[in-house]
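The values are calculated or read from the model by the stated rules, or taken from the named source; none is laboratory data. Fair warning: this is a prediction, and the values are worked out from it, not measured in the lab. Because the Cβ atoms are built from the backbone with ideal geometry, glycine has one as well, and the counts that use them run over all protein chains shown. In case anyone asks, the SASA skips ligands and DNA or RNA and just uses the protein heavy atoms, side chains included. Shrake-Rupley method; radii C 1.70, N 1.55, O 1.52, S 1.80 Å.
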Amino acid sequence: MDIRLLSDKEKPPIDLLLSADPSLPLVMEYLEKGDCFVAESDKQVIGVYVLLATEPETVELVNVAVAEKYQSRGIGKLLVKDAIEKAKIKGFKTIEVGTGNSSIGQLALYQKCGFRITGVDKDFFIRNYEEEIYENGIQCQDMLRLAQEL
């Protein structure tokens, strides 16, 4: 598996990005401002993440997605670790990530990769998404904010 920066001339894997964030307007907004990285195996995109600089020394990991058929193989963890390394190389001091209160697997993944919970953005998903989101039988309402010093 290779992880590389998507060039400006390449079309981002929108369907894959939407599997992690169902808001097309939000996905398009951070794709425009951030750097999109894809994981490929046999010239097929199997994973994606986006890094978005939010402050001079802070970058946010705004989307991490793995194609369904490749999930539960450690690829998500490899993508998060790669994002952390790319952020260090670019000179950022802090990397942040946000995930839904119902995203139990993602919350565990980020903590296993060294992130710590720093706050809660109450009702983020209610304010920013037209349709209700449910995961693991729980309504996604609040965004849990996590960060890691690099």
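Things to note:
- The range 80-105, subset of a type in the set (Val, Ile, Thr) and open to solvent by 40 Å² or more (accessible area, probe 1.4 Å), residue nearest to residue 4 (Cα to Cα): 89
- Number of positions in the range 1-27 that are in contact with a helix residue (DSSP H, G or I) (Cβ under 6 Å, 6 or more places away or on another chain) and more than 24 Å from residue 103 (Cβ to Cβ): 0
- A Cβ distance below 6 Å, combined with a sequence gap of six or more or placement on separate chains, defines the contacts here; from the range 83-95, residues that are of a type in the set (Lys, Arg) reach residues that are surrounded by 13 or more Cβ atoms within 10 Å (Cβ to Cβ) in the pairs 88/150; 93/150.
- Qualifying residue in the range 106-120 (condition: open to solvent by less than 20 Å² (accessible area, probe 1.4 Å) and closer than 21 Å to residue 1 by Cβ): yes
- Restricting the first member to the range 99-124 and to residues that are within 16 Å of residue 63 (Cβ to Cβ) and among the β-branched types (Val, Ile, Thr), and the second to residues that are open to solvent by less than 50 Å² (accessible area, probe 1.4 Å) and part of a helix (DSSP H, G or I), the beta-carbon pairs closer than 7 Å and six or more apart or on different chains are 99/107; 99/110.
- The condition of being in contact with a strand residue (DSSP E or B) (Cβ under 8 Å, 6 or more places away or on another chain), assigned to a helix (DSSP H, G or I) and open to solvent by less than 40 Å² (accessible area, probe 1.4 Å) does not hold for residue 64.
- Within the range 38-79, the set of residues being over 11 Å from residue 3 (Cα atoms), touching a helix residue (DSSP H, G or I) at 6+ places or on another chain (Cβ under 7 Å) and of a type outside the set (Lys, Arg) comprises 50, 51, 52, 59, 61, 62, 63, 64, 65, 66, 67, 76.
- Filter result (closer than 15 Å to residue 21 by Cα and among the small types (Gly, Ala, Ser)) within the range 35-75: 47, 65, 67
- Taking the listed residues 82, 123, 142, the one that is on the phi > 0 side of the Ramachandran plot and among the acidic types (Asp, Glu) is 123, with no other qualifying.
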